[in-house]
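Report on the structure given below.
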Amino acid sequence: QVQFVESGGDLVQPGGSLRLSCAASGSIFSSLVMDWYRQAPGKQRELVAEIGTGGNTIYADSVKGRFTISRNDAQNTASLEMNSLKPEDTARYYCHSYHNRRDYWGQGTQVTVSS
């Protein structure tokens, strides 16, 4: 079993930056594919970025070139560096992984981009 705790969300002005962190419990983190999802009010949850166990990454088109996902297996953490933030990036951001036929989610952290 694994648990995730996200942190780093905040209110930021357009064009600003934030770094989100996901701290994982348990001893299997290095074997997990890690995702960041987000959900805005009235919208479906969407995949933002993913990082595999070998460090390969994928990004939603809407964040390519602005967001960077990374992981530190020694510290059991996954991070999302977000630059050039836009109002449309406003959402609750969730850490996620699928393991042993089960989805694992954190509680999320709120990112609000507004002037």
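It is to be established whether one or more residues within the stretch 43-55 are modelled with pLDDT of 95 or more, of a type in the set (A, V, I, L, M) and in a loop (DSSP other than H, G, I, E, B).
No, there is no match, as no residue in the stretch 43-55 is modelled with pLDDT of 95 or more, of a type in the set (A, V, I, L, M) and in a loop (DSSP other than H, G, I, E, B).
I need the full set of residues from the stretch 67-101 which are assigned to a strand (DSSP E or B) and either in contact with a Pro (Cβ under 6 Å, 6 or more places away or on another chain) or modelled with pLDDT under 95 (or both), in order please.
Initial filter on the stretch 67-101 (assigned to a strand (DSSP E or B)): 67-72, 77-82, 91-99.
Selection gives H99 alone.
Can you name the number of the only condition in (1) without any contact (Cβ under 8 Å) to a residue 40 or more places away in the chain; (2) within 18 Å of D10 (Cα to Cα); (3) in contact with a helix residue (DSSP H, G or I) (Cβ under 9 Å, 6 or more places away or on another chain) that T53 fails?
The single condition T53 does not satisfy is (2).
Within the bounds of the stretch 19-32, is there any residue that is over 21 Å from Q1 (Cβ atoms), touching a residue at least 60 places away in the same chain (Cβ under 8 Å) and open to solvent by 50 Å² or more (accessible area, probe 1.4 Å)? Break it down into steps so the answer makes sense when it comes.
Taking the stretch 19-32 first, the residues over 21 Å from Q1 (Cβ atoms) are 19-20.
Keeping just the survivors that are touching a residue at least 60 places away in the same chain (Cβ under 8 Å) gives 19-20.
Filter again for open to solvent by 50 Å² or more (accessible area, probe 1.4 Å), leaving 19.
Looking through the stretch 19-32, at least one residue is over 21 Å from Q1 (Cβ atoms), touching a residue at least 60 places away in the same chain (Cβ under 8 Å) and open to solvent by 50 Å² or more (accessible area, probe 1.4 Å).
Output the number of the condition that V2 fails; it satisfies all remaining conditions of (1) free of Cβ contacts under 8 Å to residues at least 24 places away in the same chain; (2) of a type in the set (A, V, I, L, M, F, W, C); (3) not in a strand (DSSP E or B).
(1)
Out of the residues in the stretch 1-18 that are open to solvent by less than 40 Å² (accessible area, probe 1.4 Å) and touching a strand residue (DSSP E or B) at 6+ places or on another chain (Cβ under 6 Å), which is nearest to N100 (Cα to Cα)? Full working, then the answer.
Start the filter on the stretch 1-18 by keeping residues that are open to solvent by less than 40 Å² (accessible area, probe 1.4 Å), which leaves 2, 4, 6, 8-9, 12, 16, 18.
In the following step, the residues that additionally are touching a strand residue (DSSP E or B) at 6+ places or on another chain (Cβ under 6 Å) were identified as 2, 4, 6, 8-9, 12, 18.
Numbers: V2: 11, F4: 16, E6: 22, G8: 28, G9: 29, V12: 37, L18: 32 Å.
Ranking the qualifying residues of the stretch 1-18, first place goes to V2.
Limited to the stretch 6-27, what total is found for residues that are hydrophobic (A, V, I, L, M, F, W, C), out of contact with any Asp or Glu (no Cβ under 9 Å at 6 or more places or on another chain) and closer than 19 Å to E50 by Cβ?
Residues meeting the conditions: 1.
Can you tell me which residue within the stretch 33-42, out of those that are open to solvent by less than 70 Å² (accessible area, probe 1.4 Å) and part of a loop (DSSP other than H, G, I, E, B), is nearest to R101 (Cα to Cα)?
Narrowing the stretch 33-42 to residues open to solvent by less than 70 Å² (accessible area, probe 1.4 Å): 33-40.
Now narrow it down to the ones that are part of a loop (DSSP other than H, G, I, E, B): 33, 40.
Details: V33: 13, A40: 26 Å.
This residue is V33.
Taking the stretch 58-72, which residues are surrounded by 15 or more Cβ atoms within 10 Å (Cβ to Cβ) and touching a residue at least 12 places away in the same chain (Cβ under 8 Å)? Don't jump to the end; show me each part of the working.
Narrowing the stretch 58-72 to residues surrounded by 15 or more Cβ atoms within 10 Å (Cβ to Cβ): 59-60, 63, 66-71.
Correct list: A60, V63, R66, F67, T68, I69, S70, R71.
Looking at the stretch 96-113, can you tell me whether even one residue there is open to solvent by 10 Å² or more (accessible area, probe 1.4 Å) and of a type in the set (A, V, I, L, M)?
no
Please specify each residue of the stretch 56-66 satisfying the condition of being touching a Ser or Thr at 6+ places or on another chain (Cβ under 9 Å) and in a loop (DSSP other than H, G, I, E, B).
G65, R66
The values are calculated or read from the model by the stated rules, or taken from the named source; none is laboratory data. Every value quoted in this text rests on a predicted model; they were computed, and no experiment measured them. With ideal geometry, Cβ positions are generated from the backbone for all residues, glycine too; neighbour counts draw on all protein chains shown. Accessible surface areas use protein heavy atoms only, side chains included; no ligands, DNA or RNA. Shrake-Rupley method; radii C 1.70, N 1.55, O 1.52, S 1.80 Å.
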